[in-house]
Amino acid sequence: DKGTYPFYMLKEIDEQPNVMRQLASVYLAENGNPVIDPELLEAMQAADRIYIVGAGTSYHAGLVGARLLENLAHVPTEVHVSSEFAYENPILSDNPFFIFLSQSGETADSREVLVNVNNSGYPSLTITNVQNSTLSREATYTLLLHAGPEIAVASTKAYTAQIALEAILAKALGEVEGQIVAQNFDIRQQLGLVATGMQAIIDEKQELEKLSNDYLMDTARAFYIGRGIDYTVSLEAALKLKEISYVQAEGFASGELKHGTIALIEDGTPVIGIITQEKTAGLTRSNLVETKSRGAHIMTIVRQGLAQPDDTIVIPDVEELLTPLLSVVPAQLLAYYTSLNKGLDVDKPRNLAKSVTVE
Ligand code: M6R
């Protein structure tokens, strides 16, 4: 039930702080330690490489998950789009472990990979929002997102729930492997900061509606740019804008712009920079200036600790590995308001279904 909300998408965006709290209460003990099936952790420990598989937004959540697993658990991790992976002949490591990310647990492209994985006898984990879904039944292990039903076609709370659960899993795996970074990663405190940070952004939604009017309502194309983990969020941010507001948006690695794509920048083209990582903040800022000098209408989404006076949207500070949980929220709201004020059906964009059960 939408309650007083005009569309499910806005309701689901608003639910994200509670989803973070819910995940902490399900998967963390009183003392903040992860509570994850020890057998699952053993199976992951036995792996020499982790393969994350997903489609659309779930693939984008996987891109963040790989960074979490590599940084906290030091296990090499690859991420693949399921529809591609299913028909390649990838050379796998000797002891692979597969993680399937799927909100619905029914995506046919991802299932095709899981069938192959099962035929080869490899262990797997499905992270899904739907208990007893196909992918959850057919994988060796399952973890539930506990995000509550996601009705809007555009995925929002499933993305942030997937990332938060990947962080808990990476912390748990890193701890059993004796990684100091994992031991020092205070996931409970961080998820608390994330929940209040999300709420602070959501409380500014009127500001985001104004920005959507200024930047996105009258444009045929737009760019999100960033580096590293910010680049992965720019892919998700662009997908949101494409699927519900029909703006041809592209997420781009900001350093790659000058290798060709900058030719598309004209007077007034919106370019939104995501800046949350200390190491690359200066570089992304200079890439933004390059687009500005070619006429781009630039906007920034910046983590507090890196903010400068003329930044557009400032998000609260959290651990750099968890910034996608916050930087994506303004992008979700920008897409929402652009779609809403164009008079489109936000929850049911044209040509799309919630769950894609054909290959
Ligand atoms: O249910 P799944 O997570 O497997 O779905 C994957 C994609 O179809 C899904 O994320 C899609 O990209 C969304 N519409 C994006 O908002």
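Here, each number is a calculation from the coordinates, and none is a lab measurement. Nothing here was measured: the structure is a model prediction, and the numbers come from that model. Virtual Cβ from ideal backbone geometry, glycine too; neighbours counted across all protein chains shown.
Separation of the stretch 97-170 and the stretch 22-78, taken as the distance between their Cα centroids, equals 12 angstrom.
With an a/c value of 1.5 or above and a/b larger than b/c for the gyration tensor axes a ≥ b ≥ c computed over the alpha-carbon atoms, the stretch 270-359 is described as prolate.
Hey, how much of the P(r) for the stretch 14-97 falls beyond 20 Å, as a percent of Cα pairs? That fraction is 49 percent.
Selection among 198, 45, 123 by position relative to the dipole of the chain gives 198 as farthest towards the positive end (Cβ unit charges, Cα centre). Restricting the calculation to alpha carbons of the stretch 134-179 gives Rg and Dmax of 13.2, 41 angstrom. Across the chain, Cα pairs under 8 Å and at least six residues apart give a relative contact order of 19 percent. Calculated mean residue ellipticity, 222 nm, the chain: -14000 deg cm²/dmol, from DSSP H runs (n ≥ 4) at -39500 (n - 2.57) each, averaged per residue and rounded to 500.
If we count every other residue with Cβ under 10 angstrom of residue 304's Cβ, Lys/Arg +1 and Asp/Glu -1, where does the sum land? Please report the intermediate quantities before stating the final value.
Details: positive: 303; negative: 311, 317.
Taking every other residue near residue 304 into account, the sum is -1.
Percent of C-alpha pairs per 10 Å bin in the stretch 133-211, short distances first: 15, 34, 32, 16, 3. Once backbone amide H atoms are built at 1.01 Å from N, residue 99 has 51, 52, 53, 125 as its partners under 5 Å, excluding neighbours fewer than 5 places away on the same chain. Across 116, 287, 18, mean-square fluctuation computed from a Gaussian network of the chain (C-alpha pairs under 10 Å connected) peaks at 116.
Count charges around residue 107 for me, please; just the other residues with Cβ under 12 Å from its Cβ, Lys/Arg as +1, Asp/Glu as -1. Show your work: numbers first, answer last.
Working: positive: 111, 354; negative: 106, 109, 112, 359.
Here the count lands on -2.
For the chain, the dipole from Cβ point charges (+1 on Lys and Arg, -1 on Asp and Glu) about the Cα centre works out to 600 debye, to the nearest 20. Amide H contacts of residue 356: 108, each under 5 Å away and 5 or more positions distant or on a separate chain (H built 1.01 Å from N in the peptide plane; Pro and chain starts excluded).
Within the chain, what percent of beta bridges assigned by DSSP are antiparallel, to the nearest 5? All intermediate terms of the calculation are to be shown ahead of the outcome.
Numbers: 1 of 38 bridges.
Taking every DSSP beta bridge within the chain, about 5 percent pair in antiparallel fashion.
In this structure the amide hydrogen of residue 299, modeled in the peptide plane, comes within under 5 Å of the amide hydrogens of 271, 272, 273, none closer than 5 places in sequence on its chain. Rounded to the nearest 20 debye, the dipole size of the stretch 79-229 about its Cα centre is 180 debye, using +1 on the Cβ of Lys and Arg and -1 on the Cβ of Asp and Glu. By its C-alpha gyration tensor, with a ≥ b ≥ c as the square roots of the eigenvalues, how is the stretch 190-300 shaped: rounded for a/c under 1.5, else prolate for a/b larger than b/c, else oblate? Taking the square roots of the gyration eigenvalues as a ≥ b ≥ c, the stretch 190-300 is oblate. Share of Cα-Cα pairs in the chain beyond 39 Å, in percent? Result: 11 percent of Cα pairs exceed 39 Å. Karplus-based coupling profile of the stretch 75-81, in residue order and whole Hz: 10, x, 9, 10, 10, 9, 6, with θ = phi - 60° in 6.51 cos²θ - 1.76 cosθ + 1.60 and x standing for Gly or Pro. Can you tally the net charge around residue 191? Count Lys and Arg as +1, Asp and Glu as -1, for every other residue whose Cβ sits under 11 Å from the Cβ of residue 191. Here the charged neighbours net out to +1.
Here the stretch 1-119 carries DSSP beta bridges of which approximately 10% are antiparallel, counting only pairs with both residues inside. If you take the square roots of the eigenvalues of the alpha-carbon gyration tensor of the stretch 232-275 and sort them as a ≥ b ≥ c, do you get rounded (a/c under 1.5), prolate (a/b over b/c) or oblate? It is oblate, given that a/c is not under 1.5 and a/b is not larger than b/c.
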